[in-house]
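K.L.:
Sharing a structure with you now.
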Amino acid sequence: MKIQEFIKKVQDKEIDVVEHTHKVLEECKKINKEYHYLNTISEELAIEQAKNVKKNPKGKLAGLPISVKDSICVKDIESTAGSKILKGYIPLKHATAVKKAINEGAIVIGKTAQDEFGFGGFSTNVGLNFKIPLNPFDKGRATGGSSGGAGGLTQKASFPHIALGECTGGSIESPASFCGVFGLVPTYGRVSRYGLIDYGNSLDKVGPLSKEAYGTALMLETISGHDPKDSTSLKEEVGSYTNYLTKKVKGLKIGVIKEAFSEGTDKSVSNVVWRSIKKLEDNGCIYKEITLPITMKYSIPTYYLLATAEASTNLAKYCGIRYGAHEKLEGNFDEYFTKVRSNNFGKEAKRRIIIGTFSRMSGFRDAYYIKAAKVRTLIIEEYKKALKNFDVLITPTMPILPPKFEELKKLTPLQDYMMDIMTAAPNLAGLPHLSIPVGFEKNLPIGMMAISDHLQEGKLIQIAKEFS
Amino acid sequence: MDINKELILKVAKNARLELTDQEIKEFLPQLKEVLNSFSELSKINTDKINPSFQPIDIKNKLREDQEEPSIDNKELLKNTKHKKDNYFLGPKAI
């Protein structure tokens, strides 16, 4: 059943939402045994919410099961961001995005698996003692990351469902592409970050993943808006994103980023995305190839230097005193702090803390951190210039098909980081973008990414509708 | 840029991380590769360019300095084992 039809039936009391939620939870447990998409299944909370909705079936998400990435806080439900250092942490409040969804009748079924703190593009960098989620199309391959559990569950669930994911440099788009679903990253600041366990404050965004373009539009209009609790949230009014689902794409100008189809991109990915661009042309879009030389060449180092610098300061708050993992209290503060961190962070978290700390250290700061922040300005300017002439820019979402786990093991961290070649740049510029499932090759899904100017999410939804 | 064991240990110490010998052995070539590659940013001229610490222009947003209800003390202490007399208990500071 489609999302819109399901919600209407709940509102009209044609579906027993408590009974339905029980069935959903059973299916989640079954899927989870095989695919590891959920770190926690919030059974009690979901049933309690379902009972409330049954009594009062209002709200634009009435009775709809939603999953929440483990880095987004849900009150009274363990929220670990996929890290051992936050094992046992029970938030005292909902994140704003979660609260807004619940207020509209959504039912939280659980917390989805992810790379530790979002540190990865494949969900293989899960924290110590966490399970790696498996691709819904081939269990020997990765889901993409870091919102891998969100992508996998969205594809695998037979019930209507929307996932709340989080993206810093590709964490919604990558799993959306590798799991064959829609994944929308809003403009930076469009959705409040309050209650999000942060990775990089100037980059983090909460956004939806769904099997339907409708689901991404519906969730975006539910969770968007200014929040006094997040000083970076935008005050601009939120429009009706679902209205864009009925707008025709005729006349939209598309810039196809040439560098994204170079030899580094798998041929089958390029072919399927080009075929989709031609489809848009057939439907009245006008496309032209363009180049973004600085953006496409320098976004990876720029992104990783800024993101790790921010992460290394954010992670300083995990000191084993107020919440999360504890150790026996002994030694002085530095000794205790060092012990908690060394015992509970995974390898990739340690690597990123070291890169981020290095780039901010006296003697290196100007050449690395500040330099990256300056190049970020050039990248933003290059995008802004292109978006003066085009409504939407297009690239593949990921340069490859979903990789096998044994292939990923052979990659060095640098080679791993390079896989974010398409996604890091729009995130540096805070531009909204949407990964659209556009086809398959060897039974594996391929995503096309559409990027628009700040606050122009509607245009992305218009494009997505053509493939829904 | 010479990324060597001493430098990695110094950075790790600043970051309050104690790396095992195995971790140092594994991380050193990886970090060398990453940081040497990232230094390619030096090729771009950014002489007259201001850094962007946010992707969009965000002005200072200040709120009125008013009293607001806060989280209950007992609630706040729920997530820790290290507490005493309604306070967090930490390691020795001095």
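Values quoted throughout were computed directly from the atomic coordinates according to the rules given, and no laboratory measurement underlies them. Here the structure is a predicted model, which means the values were calculated and not measured. Every residue, glycine among them, receives a Cβ derived from its backbone with ideal geometry; neighbour counts consider all protein chains shown.
K.L.:
Could you go through region A:460-468 in sequence order and give the Karplus-derived ³J(HN,Hα) for each residue, using 6.51 cos²θ - 1.76 cosθ + 1.60 with θ = phi - 60°, rounded to whole Hz, and x for Gly and Pro?
P.N.:
5, 5, 4, 5, 4, 4, 5, 10, 9
K.L.:
For A:LYS278, give me every one of the aspartates and glutamates with a C-alpha distance below 20 angstrom, ignoring sequence neighbours fewer than eight places off in its own chain.
P.N.:
The qualifying aspartates and glutamates are A:GLU259, A:ASP266, A:GLU289, A:ASP391, A:GLU441, A:GLU466.
K.L.:
To the nearest 20 debye, what is the magnitude of the charge dipole of the protein assembly as shown about its Cα centre, counting +1 on the Cβ of each Lys and Arg and -1 on the Cβ of each Asp and Glu?
P.N.:
140
K.L.:
Here's something else I'd like to know. With +1 on each Lys and Arg Cβ and -1 on each Asp and Glu Cβ, and nothing else charged, work out how big the dipole of region A:3-245 is about its Cα centre, in Debye to the nearest 20.
P.N.:
With Lys and Arg at +1 and Asp and Glu at -1, about 260 debye.
K.L.:
Turning to a different aspect of this structure: So what's the gap between the Cα centers of region A:305-339 and region A:400-415, to the nearest angstrom?
P.N.:
Spelled out, the Cα-based centre of one part sits 30 Å from the other.
K.L.:
Separate question: Hey, can you grab everything whose amide H is under 5 Å from the amide H of A:CYS319? Only 5+ residues off in sequence or another chain; H modelled, so Pro and N-termini drop out.
P.N.:
none
K.L.:
Using the Karplus curve 6.51 cos²θ - 1.76 cosθ + 1.60 with θ = phi - 60°, what ³J(HN,Hα) values do you get for each residue of region A:51-61, in whole Hz, with x for Gly and Pro?
P.N.:
Going residue by residue, I get 5, 4, 5, 4, 5, 9, x, 10, x, 7, 10 Hz, with x marking Gly and Pro.
K.L.:
Counting other C-beta atoms within 10 Å, which of A:CYS167, A:CYS319 has the fewest, and how do the rest follow?
P.N.:
A:CYS319, A:CYS167
K.L.:
Moving to a separate point now. Given H placed 1.01 Å from N in the peptide plane, which residues other than close sequence neighbours of A:LEU64 have an amide H under 5 Å from its amide H?
P.N.:
A:ILE107
K.L.:
In region B:1-46, if the dipole is taken from +1 on Lys/Arg beta carbons and -1 on Asp/Glu beta carbons about the Cα centre, which of B:LEU35, B:LEU17, B:ASN45 is farthest to the positive end?
P.N.:
Farthest towards the positive pole: B:ASN45.
K.L.:
Using amide H atoms built 1.01 Å from N in the peptide plane, name the residues 5+ places from A:ILE257, or on other chains, whose amide H lies under 5 Å from its own.
P.N.:
Placed amide hydrogens put A:ILE290, A:ILE394 under 5 Å from A:ILE257.
K.L.:
If you take each beta carbon of peptide A:355-365 and count the beta carbons of other chains within 10 angstrom, what is the mean?
P.N.:
Per residue, the number of nearby Cβ atoms from other chains is 4 on average.
K.L.:
Can I ask one more? HN-Hα J couplings of region B:48-57 from phi, Karplus 6.51/-1.76/1.60, θ = phi - 60°, integer Hz, Gly and Pro as x?
P.N.:
Taking θ as phi minus 60°, the curve returns 9, 9, 7, x, 10, 9, 9, x, 10, 5 Hz for region B:48-57.
K.L.:
Quick one: net charge around A:SER231, please, counting Lys, Arg +1 and Asp, Glu -1 for every other residue with C-beta under 12 Å from its C-beta.
P.N.:
+4
K.L.:
Then there is this: Per DSSP helix of 4 or more residues, -39500 (n - 2.57); summed, then divided by the residues of chain A. What does that give at 222 nm, rounded to the nearest 500?
P.N.:
Calculated from helices alone, the mean residue ellipticity at 222 nm is -12000 deg cm²/dmol.
K.L.:
Averaged across A:422-429, how many Cβ atoms of other chains sit within 10 Å of each residue's Cβ atom?
P.N.:
Taking the mean over all residues of the peptide, I get 1.
K.L.:
In what sequence do A:VAL108, A:VAL18 fall when counting other Cβ within 10 Å, fewest first?
P.N.:
So the ranking, lowest neighbour count to highest, is A:VAL18, A:VAL108.
K.L.:
So what's the net charge close to A:ARG193: Lys and Arg +1, Asp and Glu -1, counting the other residues with Cβ under 10 Å from its Cβ?
P.N.:
It works out to a net charge of -3.
K.L.:
For chain B, just say rounded, prolate or oblate: build the C-alpha gyration tensor, square-root its eigenvalues into a ≥ b ≥ c, call rounded for a/c under 1.5, and beyond that prolate if a/b exceeds b/c, oblate if not.
P.N.:
Oblate shape, in that a/c is at least 1.5 and b/c is the bigger or equal ratio.
K.L.:
Still on this structure, I have one more. Leaving out same-chain residues fewer than 8 places away, which aspartates and glutamates sit with a Cα under 16 Å from that of A:LYS347?
P.N.:
A:ASP115, A:GLU116, A:ASP416, B:GLU18, B:ASP21, B:GLU23, B:GLU26
K.L.:
In a shell of Cβ-Cβ distance under 13 Å around B:GLU75, excluding B:GLU75 itself, what net charge do Lys and Arg (+1) and Asp and Glu (-1) give?
P.N.:
Local net charge: +4.
K.L.:
Now for a different question. Using Cα centres only, tell me the gap between region A:374-391 and region A:255-299 in whole Å.
P.N.:
17
K.L.:
Here's a follow-up. Find the centroid of the Cα atoms in region A:346-366 and in region B:1-67, then give the distance between the two in whole Å.
P.N.:
Result: 4 Å between the Cα centres.
K.L.:
Neighbouring Cβ atoms within 10 Å as the yardstick, rank A:VAL375, A:VAL272 fewest first.
P.N.:
Fewest-to-most Cβ neighbours within 10 Å comes out as A:VAL272, A:VAL375.
K.L.:
Could you work out the mean count of beta carbons from other protein chains within 10 Å of each residue's beta carbon in A:373-381?
P.N.:
That works out to 5 on average.
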